[in-house]
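Just so it is clear, none of the values below were taken in a lab; they were calculated from the coordinates. What you see is a predicted model, and the numbers here were worked out from it, not measured in a lab. In this analysis, Cβ positions are derived from the backbone assuming ideal geometry, glycine residues included, and neighbour counts consider all displayed protein chains.
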Amino acid sequence: MSGLRVLNTSIFLFVVFLIQETVIARIKFPIDGFSLYLAVLMVLLSLEDRSGSIVFGFIGGLIMDLSIAADSPFGQWALILTLIGYLFSLNKESIGDFTQSPIVFVAFISLASAFALVLYLVIGALLGQNNGTLTHLISIVFANSLWSFFLVPLFLPLIVKTRTALLSNRERI
């Protein structure tokens, strides 16, 4: 993986983060919200090779830690998304089976986003954060999974084409 590719993918993730913070976060979704950034990052992590999923999980987590809405210690999202990138890298062959069928891939991305949110809540509880009532937290995780399942198919072709464009010539082979 080249340094230029890491830089280009990081810029792409930062642009998606800015869209999330300036546009998507202001939309009033029924039930609760939707994280486009988390869904895009899960798509990228699932399509990366072993080292790429860990590296982009860490970089994506650092970018997500910049969020104004995150009332968490800096680095918590970096830790969580690095762990998820590590899990993706360990199970790379199994994840490859999910990417073959679009509906299964979208369901996998929705469940991965839900797992990231649950892991965020568990680590937050271990750090002593008060995140709200259990019913509210369950509704947030459920709503994000639901909206991810319905909205990711709209963005998935664009995400995959952008990722392919960010690959170097050597990596495309």
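Suppose R0 equals 35 Å; then what is the FRET efficiency for Asp71 and Gln100 from their Cβ-Cβ distance, rounded to the nearest 0.05? Walk me through the numbers on the way to the answer.
Details: r = 39 Å, r/R0 = 1.11.
The calculated FRET efficiency here is 0.35.
Compute the acute angle (0 to 90°) between the alpha-carbon long axis of helix 134-166 and the principal axis of greatest extent of the alpha-carbon atoms of the chain; round to the nearest 10°.
Tilt relative to the chain: about 20 degrees.
Dipole of the chain (Lys/Arg Cβ +1, Asp/Glu Cβ -1, origin at the Cα centre): which of Ile103, Ile19, Leu4 lies farthest to the positive side?
Farthest towards the positive end: Leu4.
Please rank Ile11, Ile68, Ile109, fewest neighbouring Cβ atoms within 10 Å first, as an exposure proxy.
Values: Ile11 11, Ile68 7, Ile109 27.
Result, fewest neighbours first: Ile68, Ile11, Ile109.
Could you compute the FRET efficiency for Ser2 and Arg26, with r as their C-beta to C-beta distance and R0 at 41 Å, rounded to 0.05?
Working: r = 36 Å, r/R0 = 0.88.
For R0 = 41 Å, the calculated efficiency reads 0.70.
In deg cm²/dmol, rounded to 500, what helix-only [θ] at 222 nm does the chain give when every DSSP H run of at least 4 residues adds -39500 (n - 2.57) and the total is split over its residues? Walk me through the intermediate numbers first.
Numbers: 8 runs with 131 residues, N = 173.
Roughly -25000 deg cm²/dmol at 222 nm, from the helical runs in the chain.
Just flag the chymotrypsin sites (Phe, Trp or Tyr not before Pro) in the stretch 64-123 sitting in loop per DSSP whose Cβ has no more than 16 other Cβ atoms within 10 Å.
Numbers: sites: Phe74, Trp77, Tyr86, Phe88, Phe98, Phe105, Phe108, Phe115, Tyr120; in loops: Phe74.
Passing sites in the stretch 64-123 are Phe74.
Which of these values of log10 I(q)/I(0) by the Debye sum over Cα atoms at q = 0.08, 0.09, 0.15 Å⁻¹ was calculated from the structure shown: (i) -0.40, -0.45, -0.85; (ii) -0.22, -0.29, -0.83; (iii) -0.29, -0.36, -0.81?
Structure-derived value, by its label: (ii).
Spin-label point model (7 Å from Cα, Cβ direction): what's the Leu18 to Asn169 distance in nm?
If labels sit at Leu18 and Asn169, their model points lie 3.0 nm apart.
On a 0 to 90 degree scale, rounded to 10, what angle separates helix 102-126 from the longest Cα axis of the chain?
Around 50 degrees separate the two axes.
With the Cα gyration tensor of the stretch 125-173 giving a ≥ b ≥ c as the square roots of its eigenvalues, does the rule (a/c under 1.5 for rounded; else a/b larger than b/c for prolate; else oblate) give rounded, prolate or oblate?
Values: a/c = 6.20, a/b = 2.12, b/c = 2.93.
In terms of gyration-tensor shape, oblate.
Under a plain spin-label model, where a point goes 7 Å from the Cα along Cα-to-Cβ, how far apart in nm are Phe150 and Asn130?
3.3 nm
Show me the ranking of peptides 148-159, 24-35 by mean Cβ neighbours inside 10 Å, starting with the highest.
On the way: 148-159: 15.7, 24-35: 13.4.
Descending mean neighbour count gives 148-159, 24-35.
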